[in-house]
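Report on one structure; see the data block that follows.
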Amino acid sequence: MLNILIISDEARGLYALFRAAGFTPAASDVKKNASPDLPSQAEESYDIAFLDLDTDNWQERLLDVRHRMPVIAFSLPDLRKAVEAMKLGAGDYLEKPLTAKTLTESVERHKKRIINHRYGFDEIIGTSPAMQHIFGLIKKAAASESNVLITGESGTGKELIARAIHRWSPRNERSFMTINCSAIPDTLLESELFGFEKGAFTGAQYQKKGLLEQSDGGTVFFDEIGDVSPLFQTKVLRVLQEGELMRIGGMRQLKVDLRFIAATNRDLKAACQRGAFREDLFYRLNVINIHLPPLRERLEDVPFLVKHFIREHAPKRKDILIKGIAGEAMNTLMGHSYPGNVRELENIIERAISFSNTAELLRTDLPSFLAQQTPARPETTSTRLREALSAFEKEAITAALGKCSGNISRAATTLGIYRQQLQRKIKQYKIAL
C-alpha cells in the first residue's frame, strides 16, 4: 500500500478523491497547510507526494520534498507554474479538477521511482550507511554547478550516479551526453569532440557540430577518463578552463555552457605522480569526489538488489512468472565476494531467471561456481554481519560528531541522514556528546 502525502490547502477535500482512486492515505498522510519542514516520520514513511501549486510557498515545499520522494504537481490550468514546477524537479503535472483516472495513471507512471525511493535513490538501489552517504553527496552535487569525479571499481554503477546528478540538477531538461573516452581514437578526437567547418579537410563537405557543442547547456559525462591519451587531456582541459572550443577549420572560439562529470576505475592521483595524467586536469575534474564502495563492502544491499533485478528481468520469461528467491539461494549470494560488483550480481540473477523451472529462484539455478560453494550458516552469517555493521555505523557516527564538534545537524548532513535518525542512533549506541 502506498503512503501518499498531500500538500494542499484543500487536502481534506482531496482525501475522498484518493479513496475513490483506490488509495487509502491515513489521516496523518493528509496535510492541511503543511509546512515545508515535514516531521521526521513523514520524511521516512511517504512514497510519493502530491503538491498543490495554488498554495503559498509551493516552490520551497517542492525543493524540500523532491529529494525524499517523487513529487506530482497539480494546479488550476497555469502553463507558467507547470513549466517552473517541472524545472524545479516535479516528476509530473496535473490540471485541476483532479479525477480518479488521472491520479491512477500518474501514480502508475511513477511506480518504478516509488519502489526505488523505498530502497534507494533515483534508479540506484541501496539502504546501507555507505549508500545513504552517497545519496547525500548526489543531492549536494545536483544542487551545484561544480565538476564531479566519480571513482570506484568496474561494475559499481558510476554512470547511474552521473545520470542521477543530472536528473536532479537544474540542467535536467537539457542533454546528458555520455562520451566513452577510450572508444575515441586520437585520429578522430578533434572532429568528434569539436566538430569541423565545411572544407576544413578533404571530405569535409558539410559543417558538423562536435559532441561538446551539441551538449551546450547540458551535462557531459566522460566515462573512463583515466584511459585517455595525453592529446585528449590537453584538448579537454581548455574547454574546462575557458568554457570555449573551436571547430576544425574554424576562425573563432565558440562559448559553451557545460557541466562536466567524469568517472574512472583508476587511481588518478597515482597516475598524476607517474606523469600519465595531467595534474591540472585532475584538479579541474575532482572538485566534488564521489567514491562508490565495492559490493563486497555493502553486502546488506544484496537482498534489495536481488529483488530489483528479479523485477527487471522476470518479464523476459514468457512461460513462467518468477516472483522471488529461495532462502538458501539468497544465503549463497550473500557469501560471494563479487569481483564484478553490481554488474556481476545482475548477470547472475538474469542467468538464474533464464534457467529456473519454478516461480522461485533456487540455489541450483545459480551459476555452477556459486552452487558448488558451501553456503554459510544463515544465523552465524547474519549475526556476524549485524555486529560488523553496527560497529561500523557507531564508528562513523562518532567520527562525524567529532568532526562537527558535536553539532548533530551538521553531523547528520555529513552522514547523509536526517537529524531525527541520527538522534535515534546516538541513543541506540549510547554515544556520549
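Okay, here's what the table says:
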quantity	calculated
Count of the stretch 301-314 residues which are of a type in the set (Asp, Glu) and crowded, with 19+ Cβ neighbours inside 10 Å	1
Residues of the stretch 217-235 that turn out to be at positive phi and small (Gly, Ala, Ser), as a count	1
Output for the stretch 334-358, where each listed residue is under 18 Å from Gly120 (Cβ atoms) and open to solvent by less than 20 Å² (accessible area, probe 1.4 Å)	Tyr338, Asn341, Leu345, Ile349
Count of the stretch 266-290 residues which are assigned to a helix (DSSP H, G or I) and either out of contact with any Leu (no Cβ under 7 Å at 6 or more places or on another chain) or not basic (Lys, Arg) (or both)	13
Residue, nearest to the chain's Cα centre (by Cα), within the stretch 211-258, restricted to residues that are at pLDDT 90 or above and among the small types (Gly, Ala, Ser)	Gly218
Some residue of the stretch 242-251 being surrounded by fewer than 18 Cβ atoms within 10 Å (Cβ to Cβ), part of a strand (DSSP E or B) and touching a residue at least 60 places away in the same chain (Cβ under 8 Å)	no
Selection status of Leu212, outside any strand (DSSP E or B) and free of Cβ contacts under 8 Å to residues at least 60 places away in the same chain	yes
Residue count for the stretch 291-339, restricted to those that are in a loop (DSSP other than H, G, I, E, B) and of a type in the set (Gly, Ala, Ser)	3
Residue list for the stretch 146-185, restricted to those being farther than 18 Å from Asp301 by Cα, out of contact with any Ser or Thr (no Cβ under 8 Å at 6 or more places or on another chain) and in a loop (DSSP other than H, G, I, E, B)	Ser146, Asn147, Trp168, Pro170, Asn172, Glu173, Ile184, Pro185
Single residue of Thr398, Thr364, Thr374, Thr381 found to be modelled with pLDDT under 80, part of a helix (DSSP H, G or I) and of a type outside the set (D, E, K, R)	Thr381
Yes/no for Asp186 being among the acidic types (Asp, Glu) and in contact with a strand residue (DSSP E or B) (Cβ under 9 Å, 6 or more places away or on another chain)	no
Check on His133, in contact with a Ser or Thr (Cβ under 6 Å, 6 or more places away or on another chain) and under 30 Å from Ile417 (Cβ atoms)	no
Filter result (surrounded by 19 or more Cβ atoms within 10 Å (Cβ to Cβ), more than 17 Å from Leu305 (Cα to Cα) and free of Cβ contacts under 8 Å to residues at least 60 places away in the same chain) within the stretch 116-162	Ala142
Residue among Ala262, Ala326, Ala270 that is under 23 Å from the mean Cα position of the chain (by Cα) and either under 27 Å from Phe221 (Cβ atoms) or open to solvent by 10 Å² or more (accessible area, probe 1.4 Å) (or both)	Ala262
Ser191 vs. criteria in a helix (DSSP H, G or I) and among the hydroxyl-bearing types (Ser, Thr, Tyr)	yes
Single condition Gln205 does not satisfy, out of (1) touching a Ser or Thr at 6+ places or on another chain (Cβ under 6 Å); (2) of a type in the set (S, T, N, Q); (3) modelled with pLDDT under 85	(1)
Residue match in the stretch 119-128 (condition: at pLDDT 90 or above, closer than 25 Å to Ser229 by Cα and within 10 Å of the chain's Cα centre (by Cα))	no
The stretch 319-341 residues that are at positive phi, paired with ones that are open to solvent by 30 Å² or more (accessible area, probe 1.4 Å) and of a type in the set (Lys, Arg) (beta carbon under 7 Å, 6 or more apart)	Tyr338/Arg296
Subset of the stretch 177-212 (residues that are among the small types (Gly, Ala, Ser) and either touching a Cys at 6+ places or on another chain (Cβ under 8 Å) or open to solvent by 30 Å² or more (accessible area, probe 1.4 Å) (or both))	Ser182, Ala183, Gly199, Ala200, Gly203
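The values are calculated or read from the model by the stated rules, or taken from the named source; none is laboratory data. In this text, all values refer to a predicted model and were calculated from it rather than measured experimentally. Note that each Cβ is placed from the backbone with ideal geometry, even for glycine, and that neighbours are counted across all protein chains shown. Only protein heavy atoms, including side chains, enter the accessible area calculation; ligands, DNA and RNA are left aside. Shrake-Rupley method; radii C 1.70, N 1.55, O 1.52, S 1.80 Å.
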